[in-house]
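Structure, as structure tokens:
Values quoted throughout were computed directly from the atomic coordinates according to the rules given, and no laboratory measurement underlies them. Treat the numbers as computed from the prediction; the structure is a model and nothing was measured. Neighbour counts are summed over all protein chains in view; Cβ atoms, including those assigned to glycine, are modelled from backbone coordinates with ideal geometry.
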Amino acid sequence: MSSSVAEYEALDNICLPEHGFHAFDSLYCSLTGAQPVPPAFEDEKYALFVTWNTLSRRGEPRLRGCIGNFGPMPIRDGIAEYALISALEDHRFRMALYFGE
């Protein structure tokens, strides 16, 4: 196995479900004032992108917001920051709103 294939396979476990939870939690806490759940993953440095999608009435995914960075940054703060920017400040889309119970 070549080193580039091994490196690619090692990257397969970088994006974790906990990262998605952290993005949703960051947005939820920003909109509600709730306290965030401390991330359960290591704070490594990576290039990262946060993309939000919605579902059309037909159930098809539609881009809602996206922002990213090719330079390595601490992933905990990066996910939290980019989750908010892509949801609330991507001017190509209407701002995400929360309608609480």
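At-a-glance table
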{"quantity": "Environment charge of residue 37, counting only residues whose C-beta is closer than 13 Å and scoring Lys/Arg +1, Asp/Glu -1", "calculated": "-1"}
{"quantity": "Shape category assigned to segment 17-65 from the gyration tensor of Cα positions, a/c cut at 1.5", "calculated": "oblate"}
{"quantity": "5 angstrom amide H check on residue 65, placed H, neighbours 5+ away", "calculated": "52"}
